[in-house]
Amino acid sequence: LRCIDLYKTGQAEITRRKYEARVKHCILEHIGDVPIKNITPERCQAVMNLQRGNSKAQINEVYNALRFIFSHAVYHDLITKDPTLMLQKPKGTYSPRRALTPMERELVISVGMTERKYYGFLLMLFCGCRPAEAAECRGSDLSLVEGRPFLHIRGTKTAKADRWVPVPDRLYVLIKGTPPNEYIAKYPSGRRLDGENRSHLWHGFWYKMNKEAGAEMYRNAIVTPVVPKDLTPYCLRHEYCTNLARAGVDIRTAQKLMGHSTIAMTANIYTHVETSDLVAAADKINGI
């Protein structure tokens, strides 16, 4: 971790916490008690192999962290050879984001409005927040611009992530009374929605959506879900961008609203149109 302290000084706080957690749990738990001079390429590869089956994003993070640590160990003459030079990445998984079905969208809204701890999911759906961004939004981030409500999203992922986005009326009436120093989404105890509890919160939210949709239950357990498990919090942000495209919002404006670092990232979502969108386009073309 000393290496991270010295050379990762430009990281945002939220990125730094995630990076340190990844190093501690995926690297140091396995080789942290071994003298660095005794760590062989085989040990490093064994650490990487433990990531098999995880997401490609996580595998890349562990790979890059290992390369970073040992390349700097060579630079500081702690070791003579870098044991990660021939490191191979195991096969990972990739779950593409998807738009919501009309039923899923209404379930997110109806369940999201029931408790303040769920407001973060509404911020993702209606304002395009990333999960960590939604957790940080406070009452002081709400402002009226020419009579229209806007939310200041203090993004930290890239320089372009800090942005102002309009707040739809149906969400604004719900959150406009948030005190300036309070989080918009929080637990009744006042506890903020940090990375450790957001996963648990989503599971409970998913359960409530299925229960409201009439999913088959047995002893309070869902037997046959109506809302599939491939629906993740990030799908709500994806839905926001998809709706911008459907509404005809210019792609460069959408890039700013999404806080994307490049327009290519926005364009990738803009091309994920549904069959219904293609049919609607066919009707328009037919009328030309």
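Quick one: net charge around Lys91, please, counting Lys, Arg +1 and Asp, Glu -1 for every other residue with C-beta under 10 Å from its C-beta. Within the 10 Å Cβ shell, the charges total +3. About its Cα centre, the dipole of the chain is roughly 360 debye, where the only charges are +1 on Lys and Arg Cβ and -1 on Asp and Glu Cβ. Averaged over residues, the count of other Cβ atoms within 10 Å places the peptides 149-155, 210-216 in the sequence 149-155, 210-216, highest first. Here the accessible area of the chain is 55 percent carbon and sulfur, with a 1.4 angstrom probe and all protein chains present.
Past 23 Å, Cα to Cα: identify those pairs from Lys18/Lys256; Lys89/Lys256; Lys56/Lys81; Lys24/Lys89, in the order given.
Over 23 Å Cα-Cα: Lys18/Lys256; Lys89/Lys256; Lys56/Lys81.
Hydropathy first: keep DSSP H helices in the chain averaging at least -0.5 on Kyte-Doolittle, then drop any whose Cα extent along the axis falls short of 27 Å, and list what survives. Flagged H segments are 56-75. The residues packed around Cys44, meaning those with a beta-carbon under 13 Å from its beta-carbon, carry a net charge of +2 if Lys and Arg are +1 and Asp and Glu are -1. In terms of the mean number of neighbouring beta-carbon atoms within 10 Å, the peptides 27-33, 167-173, 112-118 order highest first as 112-118, 167-173, 27-33.
Note on the stretch 45-141: Cα Rg divided by 2.2 N^0.38 Å, N the number of residues, gives 1.65.
These residues, Trp164, Trp206, go from largest to smallest accessible area, 1.4 Å probe, as Trp164, Trp206. Surface analysis of the stretch 59-211 yields an accessible area of 52 Å² per residue, using protein heavy atoms and a 1.4 Å probe. On the principal axes of its alpha-carbon atoms, the chain has extents of 67, 54, 41 Å, going from largest to smallest. Within the stretch 1-93, the proportion of C-alpha pairs whose separation exceeds 16 Å stands at 53%. The fraction of Cα-Cα pairs per 10 angstrom bin, counted from 0 for the stretch 87-216, comes to 11, 40, 33, 12, 4, 0 percent, rounded to whole percents.
The values are calculated or read from the model by the stated rules, or taken from the named source; none is laboratory data. Please read all numbers here as calculations on a predicted model, not as lab measurements. Ideal geometry is used to build each Cβ from the backbone, glycine not excepted, and the neighbour counts take in all protein chains shown. Remember, those area values only see protein heavy atoms, side chains included, never the ligands or the DNA or RNA. Shrake-Rupley method; radii C 1.70, N 1.55, O 1.52, S 1.80 Å.
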